[in-house]
Amino acid sequence: MSGLPRAYFVCIGNAGRSQMAQALYEQLGGEARSAGSRPERQVHPEVVEVMRELEIDLSGRKPRGIEQADAEWADVVVTMGCGEDACPVLPGKRYVDWALPDPKGRPLEEVRELRDDIQRRLEALADF
């Protein structure tokens, strides 16, 4: 087990930002889960493609809804535009909000930039 905090990444559809964050955080050696306030049917194809460039396969992942048990499990909850009403709030938890655009339907170059931005934010989170 790593010394990294257990992280719960939450966005709207759990088909883009939070999926990338979970996979990249796991690659750093951390434990992570992700969810969405309104989960989509599948991970966005452009997200699968840019993650595949890093040899991370998200094609088999299924978007999930927000679960209170996941929020309780986490040391830190990272929200990414899931909407204040839908994001879990528990006393004593550390919360971080990242204002990140939804990658759905965006050109691959923009999705790569978003992926790299998430990677930088995760490295800072891991250093906390």
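The values are calculated or read from the model by the stated rules, or taken from the named source; none is laboratory data. Here the structure is a predicted model, which means the values were calculated and not measured. Every residue, glycine among them, receives a Cβ derived from its backbone with ideal geometry; neighbour counts consider all protein chains shown. Accessible surface is based on the protein model in full, side chains and every heavy atom, while ligands, DNA and RNA are left aside. Shrake-Rupley method; radii C 1.70, N 1.55, O 1.52, S 1.80 Å.
Some notes on this structure:
- Working ranking of peptides 69-77, 44-52 by packing, defined as the average number of other Cβ atoms within 10 Å per residue, highest first, is 44-52, 69-77.
- Solvent-accessible ranking of 108, 58, largest area first, probe 1.4 Å: 108, 58
- Debye intensity ratio in log₁₀ form over the Cα atoms of the chain, taken at each q of 0.18 Å⁻¹: -0.90
- The average projected area of region 1-43, computed from the convex hull of its Cα atoms over all directions, is 2.7 nm².
- Potential lengthening of the chain between residue 69 and residue 95 amounts to 7.8 nm, from the contour at 0.36 nm per residue minus the alpha-carbon distance.
- Based on protein heavy atoms only, the chain ends up with 52 Å² per residue of surface accessible to a 1.4 Å probe.
- Over the chain, dividing the summed -39,500 (n - 2.57) contributions of all DSSP H runs of at least 4 residues by the number of residues returns a 222 nm mean residue ellipticity of -10500 deg cm²/dmol.
- Within the accessible surface of region 1-72, defined with a 1.4 Å probe on protein heavy atoms only, the carbon and sulfur portion equals 43 percent.
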